[in-house]
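Step one of this worksheet: look at the structure below.
What follows draws every value from the coordinates through simple rules; no lab data is involved. Since we're looking at a predicted model, the values are computed, not measured. No Cβ is skipped: glycine too gets one built from the backbone with ideal geometry, and neighbour counts run over all protein chains shown.
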Amino acid sequence: MGNLISYLTHFSLPILMKMDPEQAHNLAILGFSWGVSGRSTWDKKNHYSLSQQVQGLAFSNPLGLAAGFDKNGQAVPAMGKVGFGFVEIGTVTPRAQPGNAKPRLFRLKEDRGIINRMGFNNEGIEKVFSRLAAFIHARNKRKTLEDSFFPVGVNIGINKEGADPLKDYPFLVGRVKAYADYIVINVSSPNTPGLRDLQQADHLKGILEAINHAHSEHPPLFVKLAPDIEDQDLPSIVQTIIEGGAQGIIITNTTLQRPEGLQSPFAKESGGLSGRPLRELSLAKLKKVAEIAKGSLTLISVGGIETGQDVWERLKLGADLVQIYTAFIYEGPEVVNRIKQELKSILSKNGFSTLQDAIKAFRKQIND
Ligand SMILES: Cc1cc2nc3c(=O)[nH]c(=O)nc-3n(C[C@H](O)[C@H](O)[C@H](O)COP(=O)(O)O)c2cc1C
C-alpha cells in the first residue's frame with residue numbers, strides 16, 4: 001500500500017463526501033489530472049500473482065476502472081498509479097455535449113449506491129483523442145516496463161442530438177483505433193433517449209456490420225449491456241455479438257430498477273442506479289451471459305463489486321476481468337489495493353498461487 005495514497009484518501013475523502021457530488025467529482029478529476037494520486041507499489045511487490053493475458057493484452061491485475069469516471073481521459077496516468085489493472089475512458093461521443101440539467105448525480109449513502117442521469121456530458125472525440133494519443137505516445141516512448149503497463153479502453157456512444165448510429169460508431173472506431181487498447185460500444189446508458197433500443201439484436205447486428213465494413217482491422221471490440229435486458233432476449237443478443245465479430249461483453253451498466261428496501265431519500269430520483277443495490281442483478285446477468293457465450297467471448301463484469309470475494313465470485317461465474325465505479329467513489333483509491341489484497345488471500349486459501357491457475361480451473365469446471 002502506498003502511504004501517500006492512504007494519506008491523500010484520509011485527508012480528502014471526508015471533504016469530498018460533504019461536497020455536492022458533481023463538484024466533488026470535478027475536483028477529484030482535477031487533482032488526478034495534476035498527478036495528485038500517490039503510487040501503489042502493490043503489483044511490483046506481489047510478483048504478478050494476479051496477472052493474466054486477455055485478448056493479447058497484459059493485465060497486471062483483473063480490477064479495472066469502469067467507464068464514466070474519467071469521461072474525457074484526464075486521469076489515465078493517475079488511475080494507473082493507484083493500481084488499476086486497466087482503465088476505461090468515456091463514454092465519448094462524436095461531438096462535445098453538456099449532458100442533462102443539474103442536479104444529475106446523487107449519492108445514496110445509506111444504500112452504498114449512486115443514481116446518475118448525467119447524459120453523456122463529455123468534451124467530444126477530438127479533445128479526448130488528443131489526450132489519448134499523447135498518453136499512448138508517452139507510453140511507447142518510455143518503452144514502459146511491464147510493471148507499469150496497463151491497457152486503456154475507450155467507451156464510445158452517440159450524441160443526444162443529430163445521432164446516426166450506423167455512421168457514428170464506425171466513425172468513432174476509426175478515430176480511436178490506432179490508440180485504444182480496446183473499444184467499447186456503449187448501447188446501454190439509460191440517460192440517452194433511444195440508446196438502449198440499439199441493444200436489440202437487429203440494431204446491434206447493423207452497428208457491428210457497419211463497423212466491420214468500415215474497418216477491416218480494429219482493437220478488441222466489446223459491447224456494454226444493461227442489466228435490465230430480459231433473460232429471454234439475451235440469447236439472441238449474445239449470438240449477434242458473437243456473429244458480429246465482437247470479442248466480448250461488459251455486463252452491466254446501471255439499472256433503471258429500484259430494488260426493494262432502498263433507504264436513501266434520493267432513491268426516487270430518475271436515472272441509472274449503481275453500487276451495492278445493483279450487485280445481485282449484475283451477478284445474475286453475468287451468469288446468464290456466461291451460460292450462453294460458453295467461453296467464446298471475453299466477459300468483463302461490473303456492478304456492485306466492493307470486495308475481493310465479489311471479484312472471486314464473478315471470476316468463478318465466467319468473468320475474465322472486472323470493473324468498479326461506485327466503490328471507488330465511497331472508498332477512494334485505497335479500495336483498489338484492498339480488493340487486490342483480499343483477492344490474493346482468497347487465491348492462496350483456495351490453494352492457487354496465481355490468478356491464471358484459478359481461472360483455468362474455473363473454465364474447466366464450466367466446460368465439463
Ligand atoms: C456517475 C456515473 C457515470 C457513469 N457514466 C458512464 C458512462 O459514461 N458510460 C458507461 O458505459 N457507463 C457509465 N457508468 C456506469 C459504470 O461504468 C458501471 O457500469 C456502473 O456504475 C456499475 O458499476 P458500479 O456498481 O461499480 O458503479 C456511470 C456510472 C456512474 C455512477
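Dipole orientation for region 3-367: of the candidates L13, L297, I125, L13 has the Cα lying most toward the positive pole (charges on Cβ; Lys, Arg +1; Asp, Glu -1).
With each label modelled as a point 7 angstrom along the Cα→C-beta vector, the D20-A284 pair spans 3.7 nm. Converting phi to 3J(HN,Hα) with the Karplus coefficients 6.51, -1.76 and 1.60 and the offset θ = phi - 60°, region 306-320 yields 9, 9, x, 5, 4, 5, 3, 4, 5, 5, 4, 7, x, 6, 8 Hz in sequence order, with x at every glycine or proline.
With respect to the cross-link table entries K44/K360; K167/K224; K160/K287; K18/K127; K160/K285, which display a Cα-Cα separation exceeding 29 Å? Checking Cα-Cα distances, K160/K287; K18/K127 exceed 29 Å.
Extent along the principal axes, Cα only, for region 3-367: 50, 49, 48 Å, with the longest axis given first.
Maximal additional length on extending the S148-K268 stretch stands at 39.0 nm, based on 0.36 nm per residue less the C-alpha distance. Could you tell me how far the Cα centroid of region 1-73 sits from the Cα centroid of region 247-289, in Å? Cα centroid of region 247-289 versus Cα centroid of region 1-73: 23 Å apart.
Quote the relative contact order of the chain in percent (integer), defining contacts as alpha-carbon pairs under 8 Å separated by 6+ residues. Write out the running numbers ahead of the final one.
Values: 725 pairs, mean separation 63.7, N = 368.
About 17 percent, as a whole number.
With a simple spin-label model that places each label point 7 Å from the Cα along the Cα-to-Cβ direction, the separation between Q232 and E126 comes to 4.8 nm.
So if R0 is 30 Å, what FRET efficiency would H203 and K102 give, r being the distance between their Cβ atoms, rounded to the nearest 0.05? Write out the running numbers ahead of the final one.
Values: r = 31 Å, r/R0 = 1.02.
That pair, H203 with K102, gives E of 0.45.
Annotation for K364 and E260: the two label points, set 7 Å from Cα along the Cα-Cβ direction, are 4.2 nm apart.
Local charge sum around M17 (other residues, Cβ-Cβ under 9 Å, Lys/Arg +1, Asp/Glu -1)? Could the numbers behind the result be given before it?
On the way: positive: K18, R107, K109; negative: none.
Taking every Cβ under 9 Å from that of M17, the sum is +3.
If you sort the three axes of the alpha carbon gyration tensor as a ≥ b ≥ c, you get a/c of 1.5 or more for region 286-368 and a/b no higher than b/c, which makes it oblate.
Relative to the Cα centre, the charge distribution of region 3-367, modelled as +1 at Lys and Arg Cβ and -1 at Asp and Glu Cβ, gives a dipole magnitude of about 880 debye.
Can you show me the helix-derived [θ] at 222 nm for the chain, built from DSSP H runs with n ≥ 4 at -39,500 (n - 2.57) apiece and divided by the number of residues, rounded to the nearest 500. Please list the in-between numbers first.
Values: 13 runs with 152 residues, N = 368.
Here the helix-only value at 222 nm equals -12500 deg cm²/dmol.
Taking amide H atoms as placed 1.01 Å from N in the peptide plane, the amide H of K71 lies under 5 Å from those of G90, each 5 or more residues away in sequence or on another chain.
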